[in-house]
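One structure below.
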Amino acid sequence: MSADLSDLYQNVILDHNRRPRNRGKLPTANRSAHGDNPSCGDQCDVFLRLDGDRIAEITFDGSGCAISQASASLMTTQLKGKTTTEAEKLYKEFHEIVTSGKEPEEISDLAAFAGVHAFPARIKCATLSWHAALNAIKGDAAQATTESHKD
Ligand code: ZN
């Protein structure tokens, strides 16, 4: 691993990678979606239970690089309890962080991924689970693939 790349693996990312949150299938899920990032080999399934407009429970399962797995873990902690509108807003913030490297005004664990912007190939790794989660929310059972998105 290069020194630059190791800079990516900040404490939040390392922590989520070592101790993933909300990992595994969700028996009570009423929505799910699969995400695939062929450019890196990352796979991610997101399971969630929508209670009206609110994400009551959310889990992920998958395999892939440290960035993709840590991002999925962090994503579940950020989206749990949020409304679908809030979830879309959070994704926009996260997308802005990973593509621009700009840290948000409010302190947020999402900022741990700001370093990803220097590694464009890794942006897909970071956003994969979010694409899957938003597809699950929309009830779009079609497979989420990073290839159909710019990033
Ligand atoms: Zn990856």
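The values are calculated or read from the model by the stated rules, or taken from the named source; none is laboratory data. Computed from a prediction, not measured in an experiment: that's the story for all the values here. As a convention, Cβ positions derive from the backbone with ideal geometry for all residues, glycine included, and neighbour counts pool all protein chains shown. Quick note on the areas: whole protein, heavy atoms, side chains included, nothing else; ligands and nucleic acids left out. Shrake-Rupley method; radii C 1.70, N 1.55, O 1.52, S 1.80 Å.
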Legend entry - Solvent exposure, largest accessible area first (probe 1.4 Å, DNA, RNA and ligands not counted), of 47, 113, 119: 119, 47, 113
Inset, instruction - Cross-chain or 8 or more residues apart, Cα under 25 Å: how many lysine pairs in the chain fit that? Count them up, please. - result: 26
Legend entry - the range 45-134: trypsin sites (Lys or Arg not before Pro) falling in loop per DSSP and having at most 13 other Cβ within 10 Å: 102
Legend entry - Cβ charges +1 (Lys, Arg) and -1 (Asp, Glu), total dipole of the chain, debye: 380
Inset, instruction - On the full set of protein chains, 1.4 Å probe, figure out the accessible area of residue 63 and give it in Å² to the nearest 10. - result: 60
Inset, instruction - Would you please name the GluC sites (Glu not before Pro) within the range 58-148 that are DSSP coil residues with at most 13 other C-beta atoms within 10 Å of their C-beta? - result: 105, 106
Inset, instruction - Extending each Cα 7 Å along its Cβ direction at residue 89 and residue 39, get the distance between those two points in nm, one decimal. - result: 3.0
Inset, instruction - Quick one: accessible surface of residue 50, probe radius 1.4 Å, all protein chains present, in square angstrom to the nearest 10. - result: 20
Legend entry - Net length gained if the chain between residue 102 and residue 15 were fully extended (0.36 nm per residue, minus Cα distance): 29.1 nm
Inset, instruction - With label points built 7 Å along Cα→Cβ from the Cα atoms of residue 63 and residue 23, find their separation and express it in nm. - result: 1.3
Inset, instruction - Kindly list the residues of the range 19-45 that lie in the label zone of residue 121, defined by a backbone N under 14 Å from the point 7 Å along the Cα-to-C-beta vector. - result: 38-42
